[in-house]
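The values are calculated or read from the model by the stated rules, or taken from the named source; none is laboratory data. It should be emphasised that the depicted structure is a prediction, and the values quoted were computed from it without experimental measurement. Here the Cβ is made from the backbone with ideal geometry for all residues, glycine too, and neighbour counts use every protein chain on show. Remember, those area values only see protein heavy atoms, side chains included, never the ligands or the DNA or RNA. Shrake-Rupley method; radii C 1.70, N 1.55, O 1.52, S 1.80 Å.
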Amino acid sequence: MTKGTEGRDSMDAGLLAAETGADLGAARMQMALSLGWHIIVACLGVGMPAITLIAEWRGHRTGDVNYRLLARRWARAMGVLFAVGAVSGTILSFEMGLLWPGLMGTYGQVIGLPFSLEGIAFFIEAIFLGIYLYAWDRLPPVQHMLAGIPIVLAGVASAFFVVTANAWMQQPTGFDTEGGRVVAVDPWAAMFNPATPPQTVHMILAAFMVAGFLMASVYAVAMLRGRRDRYHRLGFLVPFTVAAVITPVQIGVGDWAAHFVAGNQPVKLAAIEGVFETERNVPLHLGGIAVDGEMRYAVEVPSGLSLLAHWDPNAEITGLNETPPRDRPPVNVVHWAFQIMVGMGFALLGLAAWAALGWWRRREIPRSRWFLRAAALSGVAAVLALEAGWVVTEVGRQPWIVYGVMRTEDAVNPAPGLVWGFVLVSVVYVILTIATVYVLRRLARDKPVPVAPQESDVTEYKVI
């Protein structure tokens, strides 16, 4: 081999490595964009049907037409969001195979079961959503509400099945390897892996919180603009109450999930808190930045991490220095995502306590405009907590796509040019976002329900 040929080969190898790194980054950004966008719509798909059914039930039980009008309006929004979620979910299903063939080609038989079951749940939800939307006043009230129950169950089931697949990526079980091949596959063991209970419960509760606070924030804005009639007060109270009641439960479940991470993913825990040295009586870090292998500028709670992670202030915490640098997640990203998630969670807990105090004292929501301003921001806070939590879950697992088994770089599609796919998908999501916001705003400004002869609620009550 000549010197010129060696130089050319070396240059080609360098270019290939640079291209592969760029494509890996593009694939990760595309997946993050798709998941981050879809998860908001998916949460509304899980939480809105239950909240809508509560409003419809209250309307029939009390005879208050305001509840029935709210249920009709929310049902229309559900139909729009279901269609949008179907589009973004389809994009995600294609991305799993196109961007990560190493994962699906090797472990598809292991994690295929929950995706198949999610498809069944999706079709059940679609069928009964169609019945629910088009059967107003064509079915007796009880039968119509019963038609909504499968929508709620199917939405929760869809979330459960999808999250079990992600939980498996955190704690892979249900298979053996022999000669580099996957053998002895047990799909049920894979689906019900050790991470499934805390992760699925945490996600489903988060979905109800996001749906409740987002819906309530719309009516909080309207009330700030002077719309204090019973229709808008109930439009705020019903979803806000659901989300507020779930919030303290979610914080308890979050503690359960954190204990699971402490026992099963010590590297992720160390990244969350910026712990570099293995030691006992480890403090809890509030804020701070990891610089040169140490956490700086943080407020430290003495022995706080050891106590919270293991219920023992003297417990030992494994530091990041026990792990090779190439096997560590990016500390500052994971640490600050966790800080944001926890901060937003406790802020929402404080808002829920504020509302509970006002209701206990006067049997109504607090009259302060500051409360309504905070409530108007609660939807954004819930979404921030949701997205930050997924950053902790996914980035904290890096560099593994299947924890401890397969690296992310080994699962990505080796074909060049993935960056253009990321650009194209970004454009699609910009268009999808604009179209979704436009349609929902039109629904919000329109009459509560379409004027039709069989819909007597329209003639009984006029919403300002």
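So, R0 is 45 Å and r is the distance between the beta-carbons of Asp229 and Asp255; what FRET efficiency does that work out to, to 0.05?
Working from the Cβ atoms, E equals 0.65.
Given the C-alpha centroids of the range 174-192 and the range 132-148, what is the distance between them in whole angstrom?
45 Å
Quick check: from the Cα gyration tensor, does the range 306-443 come out rounded (a/c under 1.5), prolate or oblate?
Numbers: a/c = 4.11, a/b = 1.26, b/c = 3.26.
Verdict is oblate for the range 306-443.
Highest mean first, how do 365-374, 59-68 rank when packing is the count of other Cβ atoms within 10 Å averaged over residues?
Sorting 365-374, 59-68 by mean packing, highest first, produces 59-68, 365-374.
Determine the gain in length on full extension of the stretch Ala415-Asp137; use 0.36 nm per residue of separation and subtract their C-alpha separation, reporting nm with one decimal.
Roughly 94.6 nm would be gained on extension.
Can you give me the span-like helices of the chain, meaning DSSP H runs with 30 Å or more of Cα extent along the axis and Kyte-Doolittle mean at or above -1.0? Provide the component values of the computation, followed by the final result.
On the way: long enough: 3-62 (88 Å, 0.28); 65-99 (50 Å, 0.90); 101-134 (44 Å, 1.20); 141-170 (44 Å, 1.26); 196-224 (41 Å, 1.48); 230-264 (49 Å, 0.71); 331-362 (47 Å, 1.01); 369-395 (38 Å, 1.17); 418-445 (41 Å, 1.73).
Membrane-span-like by this rule: 3-62, 65-99, 101-134, 141-170, 196-224, 230-264, 331-362, 369-395, 418-445.
How charged is the neighbourhood of Phe160? Take every other residue with its Cβ under 14 Å from the Cβ of Phe160, and add Lys/Arg as +1 and Asp/Glu as -1. Each step should come with its number before you reach the end.
Details: positive: none; negative: Glu118, Glu125.
Local charge sum for Phe160: -2.
Return the FRET efficiency for the residue pair Arg326, Asp176: r is the Cβ-Cβ distance, R0 is 35 Å, and the value is rounded to the nearest 0.05.
It comes out at approximately 0.85.
On a full-extension model of 0.36 nm per residue, what is the gain between Ala189 and Ala32, subtracting their alpha-carbon distance, rounded to one decimal in nm?
Working it through step by step, the gained length comes to 53.8 nm.
Compare the peptides 233-242, 308-317 by average per-residue count of other Cβ atoms within 10 angstrom and give them in order, highest first.
233-242, 308-317
Using a 1.4 Å probe on the protein chains only, how many percent of the accessible area of the chain belongs to carbon and sulfur?
Of the solvent-accessible surface of the chain, carbon and sulfur hold 67 percent.
Is the C-alpha gyration tensor of the range 86-133 telling us rounded, prolate or oblate? Criteria: a/c under 1.5 is rounded; beyond that, a/b larger than b/c is prolate, otherwise oblate.
Since a/c reaches 1.5 but b/c is at least a/b, the shape of the range 86-133 is classed as oblate.
For Ile434 and Arg280, what is the calculated FRET efficiency with R₀ set at 45 Å and r taken between the beta-carbons, to the nearest 0.05?
E between Ile434 and Arg280, to the nearest 0.05, is 0.25.
Compute the Cα gyration tensor for the range 186-297, then decide on rounded, prolate or oblate, letting a ≥ b ≥ c be the square roots of its eigenvalues: rounded whenever a/c is under 1.5, prolate when a/b is larger than b/c in the other cases, and oblate in all that remain. It would help to have the intermediate numbers written out before the result.
Values: a/c = 3.72, a/b = 1.68, b/c = 2.21.
Oblate, because a/c is 1.5 or more while a/b does not exceed b/c.
Per residue, how large is the accessible surface of the chain? Use a 1.4 angstrom probe and give square angstrom.
Result: 48 Å² per residue.
For a quick protection proxy, order the peptides 401-410, 264-273 by their average other-Cβ count within 10 Å, most packed first.
Final packing ranking: 264-273, 401-410.
I'd like the per residue volume of the convex hull spanned by the Cα atoms of the chain, given in cubic angstrom.
Once divided by residue count, the hull of the chain is 175 Å³.
In the neighborhood of Gln30, defined by Cβ-to-Cβ distances under 14 Å, what is the net charge if each Lys or Arg adds +1 and each Asp or Glu adds -1?
-2
Count the net charge of all other residues whose Cβ sits under 15 Å from the Cβ of Val380, scoring Lys and Arg as +1 and Asp and Glu as -1.
Neighbourhood net charge equals 0.
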